[in-house]
Amino acid sequence: MSKVSKVSDVIKVLNGGIEFYEEAREKVSSVHIKHMFNRMITAKQNAVSALQPFAVAENGEIEDDTSLAVDLRSFYTKLLGSISTDKEHTYVDQLEEVEDKLLDALDDALKCEQPPQCAIVLRKVKADMQVCHDEMKALQRATA
């Protein structure tokens, strides 16, 4: 029987993304973008909830840490946002990169031989996160 692997890595990126979206939501002024960020947060929270049982199977406990790469991107964006005149585009641009990182983490987890139920949930989360990515990509183009 295959063992769960790399699900905790996916959750770390999701958690980092949630924190980054929450922070960005407070910094942008567009109500439309705030609503979009709320949808992204909810989608990521739902993904974490769906994946948490597999993180417990992988590590024996829930995963509540964040990805260092996402934390660094958030710090970088704060720096850019403090000097940029277009804060909304700065945040959208960096959040789209976080979406890319999340899809990469999901691909890495899906390359591993996972227990069948874990693979099903990972594929569902990947489909949901692909929708989030595509929305952020479209918003990135619209705010450029």
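Data table
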item	result
Cβ-Cβ FRET estimate between residue 141 and residue 22, R0 fixed at 30 Å, reported to 0.05	0.80
0 to 90° range, to nearest 10: angle between helix 116-143 axis and the chain longest Cα axis	10 degrees
Solvent-accessible area, 1.4 Å probe, carbon plus sulfur percent, for the chain	54 percent
Inter-label distance, nm, simple model (7 Å from Cα along the C-beta direction), residue 117/residue 50	1.5 nm
Residue-by-residue Karplus 3J(HN,Hα) for the stretch 90-104, coefficients 6.51, -1.76, 1.60, Hz, glycine and proline x	4, 5, 4, 4, 6, 5, 5, 5, 5, 4, 4, 4, 5, 4, 4
Exposed GluC sites (Glu not before Pro) absent - longest run of the chain, DSSP non-H/G/I/E/B, at most 16 other C-beta within 10 Å	1-60
Relative contact order (percent, whole number), the chain, Cα cutoff 8 Å, 6+ residue spacing	35 percent
Distance violations [Cα-Cα > 30 Å] among 3/124; 27/101; 44/111; 34/126; 34/101; 34/111	34/111
Between helix 31-59 and the chain: long-axis angle, C-alpha atoms, 0 to 90°, nearest 10	20 degrees
Exposure rank, largest accessible area first [62, 33; 1.4 Å]	62, 33
FRET efficiency, residue 30 to residue 101 (Cβ-Cβ, R0 22 Å, nearest 0.05)	0.40
Kirkwood hydrodynamic radius over Cα pairs of the chain, then Stokes diffusion coefficient at 10 °C and 1.306 mPa s, in µm²/s	103 µm²/s
Relative contact order, percent, the stretch 1-73 [alpha-carbon distance under 8 Å, six or more residues apart]	50 percent
Computed [θ] at 222 nm, helices only, for the chain once each DSSP H run of length n ≥ 4 contributes -39500 (n - 2.57)	-29000 deg cm²/dmol
Inter-label distance, nm, simple model (7 Å from Cα along the C-beta direction), residue 110/residue 42	2.4 nm
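The values are calculated or read from the model by the stated rules, or taken from the named source; none is laboratory data. As the structure is a computational prediction, the values presented were derived from the model and not from experiment. FYI the Cβ positions are ideal-geometry reconstructions off the backbone, even for glycines, and counts take in every protein chain you see. With ligands, DNA and RNA removed, areas are computed over all heavy atoms of the protein, side chains included. Shrake-Rupley method; radii C 1.70, N 1.55, O 1.52, S 1.80 Å.
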